[in-house]
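As structure tokens, the structure follows; a few thoughts come after it.
The values are calculated or read from the model by the stated rules, or taken from the named source; none is laboratory data. Quick caveat, the model's predicted, so the values are computed rather than measured. With ideal geometry, Cβ positions are generated from the backbone for all residues, glycine too; neighbour counts draw on all protein chains shown. Note: accessible area is taken over every heavy atom of the protein model, side chains too, but ligands, DNA and RNA are not part of it. Shrake-Rupley method; radii C 1.70, N 1.55, O 1.52, S 1.80 Å.
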Amino acid sequence: MSKIMEWVDERLPVTELLKSQATEYPTPKNLNYWWNFGSLALLVLIIMIATGLFLAMHYKADANQSFDVVEHIMRDVNFGWLLRYAHANGASFFFLVVYVHILRGMYYGSYRKPREILWWFGIIIFFMMMGTAFMGYVLPWGQMSYWGAAVITNLMSAIPVIGEELVIWIWGGFSVGDPTLNRFFALHFLLPLVIFGVVILHLWALHAVHSNNPDGIDVHDEKDTLPFHPYYTVKDLYGYGVFMIVFCVFVFYAPNFFLEPDNYIPANPMQTPAHIVPEWYFLPFYAILRSIDFLGSFSKLAGVLAMVGAIMILFILPFLDRSPVRSFRYRPLSRQLFWIFVVDCVVLGWVGYNPADAAIFNGALPLIVVGRTCTAIYFGYFFVLWAITAFDIEKHQPVPKSI
Amino acid sequence: MNCKEVVGFRSVVKRAGRVVRSAAAIMVATATLATVLVSGDVQASSGVAIPPKQPWSFLGVFGQFDQAALKRGAQVAAQSCMACHSIKYIKFDQLRQLGFSELEVKALAEGAGRTKKDAMISSMDPVAAKESFGVVPPDLSLITKARKGYEDYVYGILTGYATESDMALANRVMADGQVTAEEAKEVASALLLDAHHPDKMAESLKRLIGGENFNRYFPGNFFAMPQPLMDGAVAYTDGTENSKVQLSRDVVTFLAWAAEPTQMERKALGIKVILYLVVLTIMLYAVKRRLWAKVH
């Protein structure tokens with residue numbers, strides 16, 4: 001065995017790579033359980049690609065057949081129900097895990113110098129995940145698939161000059177239809193592989209600058225690190241176990257929890273559902289889109305810009321945060337802002353879930369007002385974070401010299 | 001206790017304090033949010049009556065189908081629902097999984113104008129259906145998964161039509177052509193209509209008296225389907241009382257099976273998978289604890 005490895009290593013240094021990048025890869029010893037979510041995201045990506053591959057073997061993209069084919073998978077394919085439910089719930093869990101992963105990065109300042117490129121790759125992955133999830137949701141060709149696709153693709157028409165033409169080009173016709181379904185399937189198959197590629201870049205960037213840690217300080221002393229194996233391999237595996245238990249509870253006992261009942265009705269271009277809602281993971285952004293309704297004919301374009309901007313602003317976050325300290329653990333003001341931001345995102349999601357014309361407190365407070373306020377708070381987070389750090393308003397607490 | 005231990009202890013206390021504080025903050029935020037969400041009572045465009053929850057035996061981790069109810073429900077579906085609705089993802093032959101003999105399946109299929117190898121497709125022509133009802137009756141294969149409220153909603157629809165006493169109430173209230181505030185309350189509690197809008201209520205009562213299909217659980221209350229199940233509509237052979245409520249309960253049980261015939265297989269596998277994962281995770285945690293015990 002060792003002779004074979006020697007032969008290989010002379011030609012391709014596999015052992016050395018494994019040693020330096022995996023087994024002996026130095027990792028800060030104080031990482032808490034929030035650091036498990038990166039490896040969890042990789043696990044879900046693998047589950048999605050594996051189940052998706054087998055689903056693709058049985059699926060047909062055809063406006064007249066797709067709905068029936070999904071039911072054929074559910075009923076006639078051996079363990080087809082397991083593949084489909086794991087894949088459908090996997091999408092929700094992917095976003096859940098990635099949202100925690102992003103928020104962990106925001107709390108502990110993982111986007112700060114020298115990890116900007118690492119952070120950008122992460123946002124690119126997130127953005128591509130949204131596209132992939134959106135197109136995947138169209139494939140069962142239920143009512144929500146169809147009308148969700150119609151609403152979201154229609155947003156492109158807000159782009160000046162080329163918008164209308166662009167939408168027709170994306171549809172492959174004058175409405176969402178069979179050509180749309182086919183191209184979405186092709187792209188839904190391709191994009192996860194591109195995501196996988198960017199994940200490798202994300203890991204490369206991580207291994208170039210190494211992990212941040214809860215104290216947000218640079219690690220100089222070797223005593224502050226542990227070899228990745230066995231310490232973090234076992235910790236990640238334990239995390240995998242806990243995650244899989246929760247995931248399986250949903251897959252086996254509440255598989256339709258995240259799904260809209262309307263998507264079990266075949267797509268019908270002649271009948272608009274009473275209430276079109278995107279999947280939960282898009283709801284905060286959907287609420288931001290709808291909250292810009294006060295600019296007359298510019299509302300649609302402004303809403304789309306706000307929605308895209310809500311993600312794009314993450315790209316400049318590394319330059320907005322000017323604090324000398326990375327981790328919010330030692331930044332009392334930033335910490336409070338952070339939790340306001342988190343609650344704000346949840347409220348935005350709730351606003352996005354409800355009909356646009358809804359109101360609370362016996363009609364005294366229209367939800368659109370809540371939506372606008374929360375949108376302002378969302379963007380306000382980035383502005384205030386910049387302001388309190390750029391003008392030294394925040395007095396940070398003493399930061400430890402070493403872990 | 002040496003100095004190092006004291007420091008270690010302090011940092012543990014500090015860390016615990018931090019965890020407790022952030023946990024408390026999250027809990028307070030969640031609680032506030034939940035209060036707003038629950039008490040806030042979001043008002044959409046129209047108030048819709050929510051069908052009450054029924055004690056279905058097949059729900060939950062250990063829930064199982066009542067086999068006798070499944071068989072009776074299949075009979076109701078074949079002899080009553082299939083007059084208009086198809087259940088296209090189920091073949092008559094598949095009903096043998098529910099305990100029917102080959103001869104019984106054959107009889108059910110022939111009763112519906114099909115053979116036992118056919119899917120449960122209604123013999124009503126969709127074009128003719130559209131002409132007489134204005135809509136093509138929806139396929140029922142997925143009906144318990146395709147409506148908010150699931151099984152409870154379908155049961156609510158089957159049992160939610162206006163009864164004779166409801167009709168009497170409507171006639172009495174509308175005798176003078178209008179709905180008073182006092183009457184509005186009475187109608188609201190009987191027909192689950194919104195008491196805040198007496199005008200709308202009067203409109204609904206007029207349509208009800210006029211013979212339109214009123215259902216208290218259908219969003220908008222009026223729709224194309226006349227009351228499908230009455231007391232005694234289907235003759236049971238196992239001695240069970242064939243009341244409207246019993247027929248509805250049985251056919252919803254059958255439709256819940258038809259919506260996902262693999263669901264019991266799923267639940268049985270789930271227990272094994274999750275138990276395995278729990279044992280594995282406990283062991284992984286033990287290994288993790290042991291390895292990390294050396295790290296300070």
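Add +1 for every Lys or Arg and -1 for every Asp or Glu among the other residues with Cβ under 14 Å from the Cβ of A:L181, and state the total.
Details: positive: A:K60, A:R183; negative: A:D62, A:D68, A:D178.
Around A:L181, the charge tally is -1.
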Note to self: At 1.4 Å probe size, what's the solvent-accessible area of A:F185? Round to the nearest 10 Å².
What the structure shows: 50
Notebook entry, point to check: Looking only at segment B:223-239, which residues have a backbone nitrogen under 15 Å from a spot 7 Å from the Cα of B:S57 in the C-beta direction?
Noted result: B:238-239
Check: Given the options A:F328, A:F285, A:F319, which has the most mean-square fluctuation in a GNM of chain A, springs set between C-alpha atoms less than 10 angstrom apart?
Finding: A:F319
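What part of the accessible area of segment A:140-252, given as a whole %, is carbon or sulfur when the probe is 1.4 angstrom? It would help to have the intermediate numbers written out before the result.
Details: 3920 of 5320 Å².
Solvent-exposed carbon and sulfur of segment A:140-252 make up 74 percent of the total.
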Item checked: Sum of side-chain charges, A:V347 neighbourhood, beta-carbon under 15 Å (Lys, Arg +1; Asp, Glu -1) -> +1
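Taking all protein chains as present, what is the carbon and sulfur share of the accessible area of segment B:100-172, in % to the nearest whole number, probe 1.4 Å?
Values: 2170 of 3720 Å².
The C+S portion of the solvent-accessible surface of segment B:100-172 is 58 percent.
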Next item on the list: Send over a whole-number figure in Å² for the accessible area per residue of segment A:308-385, probe 1.4 Å.
Entry: 41
Check: How large is the helix-only mean residue ellipticity at 222 nm for chain A, computed as the sum of -39500 (n - 2.57) over DSSP H runs with n ≥ 4, divided by its residue count, in deg cm²/dmol to the nearest 500?
Finding: -21500 deg cm²/dmol
Check: Using the Cα gyration tensor of segment A:1-130, with a ≥ b ≥ c the square roots of its eigenvalues, what is the shape: rounded (a/c below 1.5), prolate (a/b larger than b/c) or oblate (neither)?
Finding: oblate
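Averaged across the residues of B:141-147, what count of C-beta atoms belonging to other chains lies within 10 Å of each residue's C-beta?
Working: counts 3, 9, 3, 2, 6, 9, 4.
Per residue, the average neighbour count from other chains is 5.
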Check: HN-Hα J couplings of segment B:53-69 from phi, Karplus 6.51/-1.76/1.60, θ = phi - 60°, integer Hz, Gly and Pro as x?
Finding: 5, 10, x, 5, 6, 8, 8, x, 4, 9, x, 10, 6, 7, 4, 5, 5
Check: Can you list the residues of segment A:47-90 whose accessible area drops by at least 50 Å² going from the chain on its own to the full set of protein chains, with a 1.4 Å probe?
Finding: A:R75, A:W81
Note to self: Once you place label points 7 Å from the Cα toward the Cβ at A:S402 and A:Y99, how far apart are they in nm?
What the structure shows: 4.0
Next item on the list: Would you mind giving the mean number of other chain beta-carbons within 10 Å of the Cβ of each residue in B:278-291, as a whole number?
Entry: 5
Next item on the list: Quick one: accessible surface of A:H72, probe radius 1.4 Å, all protein chains present, in square angstrom to the nearest 10.
Entry: 80
Check: Which pairs in the list B:K116/B:K148; B:K117/B:K272; A:K113/A:K223; A:K3/A:K235 are over 26 Å apart, alpha-carbon to alpha-carbon?
Finding: B:K116/B:K148; B:K117/B:K272; A:K3/A:K235
Check: Accessible area per residue, 1.4 Å probe, Å², for segment B:168-219: what's the number?
Finding: 57
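Would you mind getting the accessible area per residue of segment A:40-166, heavy atoms of the protein chains only, 1.4 Å probe, in Å²?
37
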Item checked: Around A:L317: net Lys/Arg minus Asp/Glu count, Cβ-Cβ under 10 Å -> -1
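Does segment A:246-403 classify as rounded, prolate or oblate by the C-alpha gyration tensor (a ≥ b ≥ c root eigenvalues; a/c under 1.5 gives rounded; else a/b over b/c gives prolate, otherwise oblate)? Can you show the working numbers first?
Working: a/c = 2.45, a/b = 1.61, b/c = 1.52.
Because a/c hits 1.5 or more and a/b exceeds b/c, segment A:246-403 counts as prolate.
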Checklist line | Within segment B:206-228: backbone nitrogen closer than 17 Å to the B:H196 label point (7 Å, Cα to C-beta) | finding: B:220
Notebook entry, point to check: For chain A, modelled as a Gaussian network with Cα springs under 10 Å, which listed residue fluctuates most, A:M144, A:M57, A:M135?
Noted result: A:M57
Next item on the list: Would you grab the residues whose amide H sits under 5 Å from the one on B:K88? Only those 5+ places off in sequence or on another chain, please, with H modelled 1.01 Å from N.
Entry: B:L140, B:S141
Next item on the list: Please report the buried accessible area for the interface of A with B, total over both chains, probe 1.4 Å, in Å² to the nearest 100.
Entry: 4300
Next item on the list: Would you mind telling me the share, in percent, of accessible area of segment A:1-133 contributed by carbon and sulfur at probe 1.4 angstrom?
Entry: 70
Notebook entry, point to check: For A:T27, which sequence-distant residues (separation of 5 or more, or a different chain) have an amide H within less than 5 Å of its own amide H, given hydrogens modelled in the peptide plane?
Noted result: A:L226, A:F228
Notebook entry, point to check: How many partner chain Cβ atoms sit within 10 Å of a residue's Cβ in peptide B:252-262, on average, as a whole number?
Noted result: 2
Next item on the list: Give me the accessible area of A:S402, 1.4 Å probe, in Å² rounded to the nearest 10.
Entry: 60
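Mind ranking A:L289, A:L305, A:L206, B:L247 by accessible surface for me, highest first, 1.4 Å probe?
Working: A:L289 20, A:L305 110, A:L206 40, B:L247 0 Å².
The most accessible residue leads, giving A:L305, A:L206, A:L289, B:L247.
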